[in-house]
Amino acid sequence: MERREFLQKAAILGGAVALAPDLLASIRFEEEVHQSAPAVKHGLSGKMHLRFFPYELELTHTFTVATFSRKTTPTVQVLIDYEGYTGHGEASLPPYLGYNTEGTMAFLRKVDLSQFSSPFLLEDILTYVDTVAPGETPAKAAIDIALHDLIGQLCGRPLYELLGLDPAKTPSTSYTIGIDTPEIVRQKTLECAERFNVLKVKVGYKGDEEMIRTIREITNLPLVVDANQGWTDRQEALDKLHWLHEQGVQMAEQPMPKTQLDDIAWLTQHSPVPIYADESIQRMADLPKIKGAFHGINIKLMKSTGIREALKMMAWARTEGMDLMLGCMTETSCAVTAAASLSPLVDFADLDGNLLISNDLYDGIGLEKGRLILPNRPGLGLIDIKK
Ligand code: MG
C-alpha cells in the first residue's frame with residue numbers, strides 16, 4: 001500500500017474509534033503491515049497486505065446469560081489488501097471463548113502471507129495459518145473471512161454465489177432476549193415481536209419459566225431456547241423441555257454441561273424438541289466425539305476458524321443425518337454477513353450479533369420481516385459506514 005493511502009486509512013480508522021478514544025493510540029501503534037512477494041497466478045501481480053486493529057463493540061443492552069453478564073465485547077478487525085481491493089475480516093473475543101485482544105494481535109503478527117502468491121490459494125493459506133499457533137480460532141476466522149471477502153471482490157461476485165448458494169433460501173434469524181427483569185423482558189419483547197419470526201430465550205437459571213411466561217404475555221412467535229449448559233440433572237432438564245415444548249419452543253441449545261455427554265445423549269433420545277450442541281463443539285475435530293449425542297450442531301465462525309472449516313463441519317453433520325444451525329458472537333456486520341452467506345444451508349440461524357451493538361462499522365446483512373437478506377454486492381458486500 002502507498003504510504004499516503006496507508007495514512008488516509010489510518011486516519012479513517014482513527015475516526016472509527018471516536019467512540020472509544022482509549023483505543024486510538026493502540027490502533028496507530030499496533031497496526032501491522034505484512035507484504036508478500038508479487039503474485040504470479042490468476043494474472044494478478046499485486047501484494048497482499050495484512051492489517052488489523054482492536055475495536056471495542058458497545059452493546060445496546062447489558063448481555064446476560066446463565067453464567068455472566070457484560071456491556072462490551074472486544075474485537076480485532078482484520079483487513080487484507082490486494083490489487084486495490086480490501087477483504088474485511090473480524091475476530092470477536094467474548095471473554096468466555098478464552099481469547100483476548102493481545103493474544104489475537106500477537107498471533108496475527110506471526111502470520112506471514114509472503115509465501116503465498118495469491119489469495120485464491122485458500123486451502124494452502126488457511127492450512128498454514130492453522131499451524132502458526134494452536135487455538136486462536138477467532139484470529140484464524142478473521143483471516144478466513146477476509147480472504148473470502150477478497151476473493152469475492154476479485155471475482156466481482158457475492159460470496160454466496162461463489163459458494164453456489166441461493167440467496168432466496170436464507171432463513172429468518174432468531175433474535176435473543178437476554179436474562180432480565182420481567183419489566184425489561186416485556187419491553188424488549190414488545191420492541192422485537194413485530195420485526196422477527198423467531199425469538200431466542202436464554203434459560204437454565206432459576207427465573208427462566210417466569211421469563212418464558214412474560215414473553216408469552218406479549219407474543220405467540222416460535223421460540224428457541226439456549227440453556228448454556230445450565231441444567232445438571234437430566235430428568236429435571238427433560239421435565240423442563242416438555243414444559244418448554246408446550247410453550248411453543250422448537251429447539252434447545254446445549255441443555256447440559258459439555259462434560260455430561262452421556263446425560264445429553266439420554267436427553268436427546270427422550271426430548272420432545274431437537275437438541276443442538278454449542279459449547280460441546282468448536283471445530284471439525286470435535287464432531288466425531290459427539291456423534292449420536294445431539295440432533296444438531298450450532299456452528300460459529302469464531303470457533304470453527306471460519307467459513308472453510310464451517311463448510312466441512314456442515315458436510316460431516318449432514319452425512320451423519322444431523323441438523324444445522326449457524327450462530328455468532330457479538331460481532332459487527334462483517335462476521336455476521338460472513339456467517340449469513342452460509343445460511344441457505346441451515347435449519348436455524350441465530351445471526352443477530354450485529355443488531356445487539358451500537359457502533360457497527362459496516363452496512364452488510366439486512367433483514368426483511370425477520371429474514372436474512374444478503375447484499376447483492378461482490379464478496380461480503382460490506383459498505384464501510386464510517387467513510
Ligand atoms: Mg449457545
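The values are calculated or read from the model by the stated rules, or taken from the named source; none is laboratory data. These figures come from a predicted structure and were not determined experimentally. FYI the Cβ positions are ideal-geometry reconstructions off the backbone, even for glycines, and counts take in every protein chain you see.
Name the residues in the stretch 304-313 that are under 16 Å from the mean Cα position of the chain (by Cα) and either surrounded by fewer than 19 Cβ atoms within 10 Å (Cβ to Cβ) or away from the ligand (no atom under 16 Å from the Cβ) (or both), would you? Please lay out each step first, then the result.
Step one: of the stretch 304-313, the residues under 16 Å from the mean Cα position of the chain (by Cα) are 304-311, 313.
Those that are under 16 Å from the mean Cα position of the chain (by Cα) and either surrounded by fewer than 19 Cβ atoms within 10 Å (Cβ to Cβ) or away from the ligand (no atom under 16 Å from the Cβ) (or both): THR305, GLY306, ILE307, ARG308, GLU309, LEU311.
Of all residues being more than 27 Å from GLU194 (Cβ to Cβ) and buried (at least 23 other Cβ atoms within 10 Å of the Cβ) in the stretch 362-381, which is nearest to the chain's Cα centre (by Cα)? Just the residue, please. Please lay out each step first, then the result.
Start the filter on the stretch 362-381 by keeping residues that are more than 27 Å from GLU194 (Cβ to Cβ), which leaves 377-380.
In the following step, the residues that additionally are buried (at least 23 other Cβ atoms within 10 Å of the Cβ) were identified as 379-380.
Numbers: GLY379: 17, LEU380: 14 Å.
So, considering only residues that are more than 27 Å from GLU194 (Cβ to Cβ) and buried (at least 23 other Cβ atoms within 10 Å of the Cβ), the one nearest to the chain's Cα centre (by Cα) is LEU380.
Need at least 2 residues that are aliphatic (A, V, I, L, M) and closer than 20 Å to HIS88 by Cβ per element, so show me which strands (runs of 3 or more DSSP E) inside the stretch 294-387 make the cut, counting only ones lying wholly within it.
371-373
For the stretch 94-127, which positions are under 22 Å from the mean Cα position of the chain (by Cα) and surrounded by fewer than 17 Cβ atoms within 10 Å (Cβ to Cβ)?
PRO95, TYR96, GLY98, ASN100, GLU102, ALA106, GLU123, THR127 - these are the residues of the stretch 94-127 that are under 22 Å from the mean Cα position of the chain (by Cα) and surrounded by fewer than 17 Cβ atoms within 10 Å (Cβ to Cβ).
Can you tell me which residues in the stretch 215-257 are of a type outside the set (D, E, K, R), within 13 Å of the ligand (Cβ to nearest atom) and within 24 Å of LYS369 (Cα to Cα)?
VAL224, VAL225, MET251, ALA252
How many of the residues making up the stretch 243-295 are surrounded by fewer than 17 Cβ atoms within 10 Å (Cβ to Cβ), hydrophobic (A, V, I, L, M, F, W, C) and more than 26 Å from LEU311 (Cα to Cα)?
Count: 1.
Answer yes or no: is there a residue in the stretch 110-118 that is touching a Phe, Trp or Tyr at 6+ places or on another chain (Cβ under 8 Å), at pLDDT 95 or above and of a type in the set (A, V, I, L, M).
The answer is no, given that none of the residues of the stretch 110-118 is touching a Phe, Trp or Tyr at 6+ places or on another chain (Cβ under 8 Å), at pLDDT 95 or above and of a type in the set (A, V, I, L, M).
With surrounded by fewer than 21 Cβ atoms within 10 Å (Cβ to Cβ) and of a type in the set (A, V, I, L, M) as the only criterion, which of LEU147, LEU163, LEU223 stands out? Talk me through it step by step, then tell me what you get.
Working: LEU147 fails: surrounded by fewer than 21 Cβ atoms within 10 Å (Cβ to Cβ); LEU223 fails: surrounded by fewer than 21 Cβ atoms within 10 Å (Cβ to Cβ).
It is LEU163.
Could you please give the count of residues in the stretch 177-230 that are among the hydroxyl-bearing types (Ser, Thr, Tyr) and in a loop (DSSP other than H, G, I, E, B)?
3
When you go through ILE212, ILE281, ILE184 one by one, which is the residue that is within 16 Å of the ligand (Cβ to nearest atom) and either hydrophobic (A, V, I, L, M, F, W, C) or more than 18 Å from ALA349 (Cβ to Cβ) (or both)?
Residue meeting the stated conditions: ILE281.
List every residue pair whose Cβ atoms sit under 8 Å apart, with the two residues 6 or more apart in sequence or on different chains, where the first one lies in the stretch 208-234 and is in contact (Cβ under 8 Å) with a residue 24 or more places away in the chain and closer than 18 Å to ASN298 by Cα and the second, anywhere, is surrounded by fewer than 21 Cβ atoms within 10 Å (Cβ to Cβ) and basic (Lys, Arg).
GLN229/LYS258
Residues checked against (1) within 16 Å of the ligand (Cβ to nearest atom); (2) under 13 Å from LEU163 (Cβ atoms); (3) free of Cβ contacts under 8 Å to residues at least 60 places away in the same chain:
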| site | (1), (2), (3) |
| --- | --- |
| MET302 | yes, no, no |
| ALA315 | no, yes, yes |
| LEU324 | yes, no, yes |
| GLU331 | yes, no, no |
| CYS334 | no, no, no |
| ALA340 | no, yes, no |
| LEU345 | no, yes, no |
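Sort out which residues of the stretch 74-93 are at pLDDT below 95 and either under 19 Å from the mean Cα position of the chain (by Cα) or surrounded by fewer than 14 Cβ atoms within 10 Å (Cβ to Cβ) (or both), and write them in order of number.
Listed by number, the list holds a single entry, GLY84.
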